[in-house]
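K.L.:
Right, I'll just put the structure down here and ask away after.
The values are calculated or read from the model by the stated rules, or taken from the named source; none is laboratory data. Predicted, not measured: the structure shown is a model, and the values here were computed from it. Positions of Cβ are generated from backbone atoms using ideal geometry, with glycine treated the same way; all protein chains shown enter the neighbour counts.
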Amino acid sequence: MPQQKADYADDAEIDAELDELPDEETVEATVESLEERGFDVVVVDDADEALEAVQSQIPAGVSVMNGHSTTLEEIGFDDLLGEGDHEWESLPDQIWSIDDDDERQTARRESQTADYFLGGINAIAQTGELVAADLSGSRIGAYPFAAGNVVIVSGTNKIVPSLDDALDRLESVAYPLENERAQEAYGVESAIAKQLIYRRETEEGRTTVVLVREQLGY
């Protein structure tokens, strides 16, 4: 049975002030900053609308890969990609059907160049920067260049005033929650090993941020 955020979130000590839903004026200012930095932005009210928005971004026949994201799980995208009715080439299905460890790792690296790569983010500065980190880099490796198109889904609870606050949120909200999840799921601790500050998208139309007016992910 898939792990639920409630299984581990209650055990983690986080800075709750960096995980609050902002007012509409803040959301609008953040959208403006993101667009000025070259990101396309879609704002929706809830998880159901987020899933619809994501589906509308991805044309039929393309290859699709997702990095681990609690937010994608919460809006139902992982279930859709794995078992749902779509016309995409699901790279996770191919990867996890490979028995050989070395071959599977090679396929994971190659999946970074998917036509569409879906994932989450750990913090969004009102000034327009996106901040994320991984232990392995299997998610953030696709964001800067490798993937043809990127769709990032985030709850507006990840919006914070500045880049410094975004880096603080990574340390004091995202990491404690991910560390608890990793220990529950794998029996090992996580780490902020590979970190990305996504300051600008230089290729028009390549990266879309779907902002959801809900408390999602971490």
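K.L.:
Quick check, is Glu73 of a type in the set (Asp, Glu) and surrounded by 17 or more Cβ atoms within 10 Å (Cβ to Cβ)?
P.N.:
So Glu73 passes the test.
K.L.:
Also, I was wondering about something else. Taking the options Ala142, Ala147, name whichever one is touching a residue at least 40 places away in the same chain (Cβ under 8 Å), small (Gly, Ala, Ser), within 22 Å of Ala182 (Cα to Cα) and touching a Phe, Trp or Tyr at 6+ places or on another chain (Cβ under 7 Å).
P.N.:
Ala142
K.L.:
Test Glu87 against the stated conditions and say whether it is in contact (Cβ under 8 Å) with a residue 12 or more places away in the chain, in contact with a helix residue (DSSP H, G or I) (Cβ under 7 Å, 6 or more places away or on another chain) and surrounded by fewer than 14 Cβ atoms within 10 Å (Cβ to Cβ).
P.N.:
Here the answer is no, as Glu87 does not meet what is asked.
K.L.:
May I pose another question? Looking at the stretch 43-81, which of its residues are in contact with a strand residue (DSSP E or B) (Cβ under 7 Å, 6 or more places away or on another chain), over 30 Å from Asp23 (Cβ atoms) and outside any loop (DSSP other than H, G, I, E, B)?
P.N.:
Ser63, Val64, Met65, Asn66, Asp78, Leu81
K.L.:
Now for a different question. Would you check if there is a residue in the stretch 187-198 being surrounded by fewer than 19 Cβ atoms within 10 Å (Cβ to Cβ), out of contact with any Lys or Arg (no Cβ under 6 Å at 6 or more places or on another chain) and of a type in the set (Asp, Glu)?
P.N.:
Yes, some residue in the stretch 187-198 is surrounded by fewer than 19 Cβ atoms within 10 Å (Cβ to Cβ), out of contact with any Lys or Arg (no Cβ under 6 Å at 6 or more places or on another chain) and of a type in the set (Asp, Glu).
K.L.:
Here is a follow-up. Go through the stretch 21-37 and give me each residue that's within 18 Å of the chain's Cα centre (by Cα) and part of a loop (DSSP other than H, G, I, E, B).
P.N.:
Once the filter is applied, which keeps residues that are within 18 Å of the chain's Cα centre (by Cα) and part of a loop (DSSP other than H, G, I, E, B), the stretch 21-37 yields only Leu21.
K.L.:
Could you check the stretch 126-146 and list, in sequence order, the residues that are over 18 Å from Val41 (Cα atoms) and buried (at least 20 other Cβ atoms within 10 Å of the Cβ)?
P.N.:
Those that are over 18 Å from Val41 (Cα atoms) and buried (at least 20 other Cβ atoms within 10 Å of the Cβ): Ala133, Asp134, Arg139, Ile140, Gly141, Ala142.
K.L.:
Return yes or no: is Glu178 within 15 Å of Asp19 (Cα to Cα) and modelled with pLDDT under 95?
P.N.:
When the stated conditions are applied, Glu178 passes them.
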